[in-house]
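One structure is given below, encoded as structure tokens.
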Amino acid sequence: MQCDTVRKGINCSFMKNIGCSFNKGRCLPIIENCVGCTRTVTFEDTVYCLVAADPAAKWKRGDCNFATHLEKKKIEESQKINPLKASKRAAAARK
Ligand code: SF4
């Protein structure tokens with residue numbers, strides 16, 4: 001159902017016929033970790049998340065799984081050289 005409280009016009013599963021059913025009756029603004037994410041939207045000078053009503057909860061147990069600004073960092077980390085494999089390769093090259 002479309003929101004008519006904070007993120008007006010956006011479909012939200014918390015919106016019911018009687019109003020917003022989320023915890024406090026409205027979405028919470030993004031937190032510092034969300035800055036740079038493309039899943040944000042600004043309503044009345046406040047930035048909200050498009051997928052999470054409580055962005056802070058998405059970061060409680062590590063990185064937010066919907067964050068778009070972390071993908072680049074993860075790709076860079078996966079390209080790091082495994083020191084054990086590098087050692088084996090170097091030993092094989094010496095033979
Ligand atoms: S998707 Fe995650 S990182 Fe992006 S704004 Fe929402 S809570 Fe923040």
For Val47, distant residues with modelled amide H under 5 Å away: Ile30
How big is the dipole moment of the chain about its Cα centre under a simple scheme where the beta carbon of each Lys and Arg is +1, that of each Asp and Glu is -1, and everything else is neutral? Debye, nearest 20, please. 900 debye
Nothing charged except the Cβ atoms of Lys and Arg (+1) and of Asp and Glu (-1): what's the magnitude of the dipole of the stretch 15-68 about its Cα centre? Round to the nearest 20 debye. 280 debye
Is the chain rounded, prolate or oblate when judged by the Cα gyration tensor, a ≥ b ≥ c being the square roots of its eigenvalues, rounded requiring a/c under 1.5 and prolate requiring a/b larger than b/c? prolate
How much accessible area per residue does the chain have, counting only protein heavy atoms and a probe of 1.4 Å, in square angstrom? 77 Å²
Tabulate in residue order the Karplus-calculated ³J(HN,Hα) for the stretch 33-42, using 6.51 cos²θ - 1.76 cosθ + 1.60 with θ = phi - 60°, rounded to whole Hz; enter x for Gly and Pro. 5, 7, 4, x, 6, 8, 8, 10, 8, 9
Nearest 10 degrees, 0 to 90: helix 83-94 Cα axis against the chain principal axis: 20 degrees
Rounded percent of accessible protein surface that carbon and sulfur make up, the chain, 1.4 Å probe: 51 percent
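The values are calculated or read from the model by the stated rules, or taken from the named source; none is laboratory data. Because the structure is a prediction, the values reported are computed rather than measured. For neighbour counting, all protein chains shown are included, and Cβ atoms are generated from backbone atoms with ideal geometry for every residue, glycine included. Accessible surface is based on the protein model in full, side chains and every heavy atom, while ligands, DNA and RNA are left aside. Shrake-Rupley method; radii C 1.70, N 1.55, O 1.52, S 1.80 Å.
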